[in-house]
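Written out below as structure tokens is the structure these notes cover.
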Amino acid sequence: MKKVPPQFFVSKNDDIPTDATAEDRCRLGDMEGWMSKQSGRGFWQSRYFGLNNGYLNYYKDKSRSLVLGSLDLSKVCAIPVVTSVLQ
């Protein structure tokens, strides 16, 4: 499994080693950080995401003052991974 660079997704659990795999991080606690998402119009947007209690929420910025979207991960069976974005 590919490792998640710690500067992009940060765990709130300080006991997680920086070289932990993405699978390890998901098992060990809540996470938050910046990622890109594709808008309904097809362009990419940088959003702040938080993984908490089985929900992946996203916000416009790190203040997390307003939830823009939420995904119940218990209802997800597959997530495609995009490793690069063509501009």
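The set of residues in segment 38-51 being exposed (fewer than 13 other Cβ atoms within 10 Å of the Cβ) and not small (Gly, Ala, Ser) consists of 38, 41, 43.
Of the residues making up segment 55-69, those that are surrounded by 11 or more Cβ atoms within 10 Å (Cβ to Cβ) and of a type outside the set (Phe, Trp, Tyr) are 56, 57, 60, 61, 62, 64, 67, 68, 69.
Bear in mind that the values in this text are calculations on the coordinates, not laboratory data. All of these numbers come straight from a predicted model, not from anything done at the bench. Every residue, glycine as well, gets a Cβ built from its backbone with ideal geometry; the counts of neighbours run over all protein chains shown.
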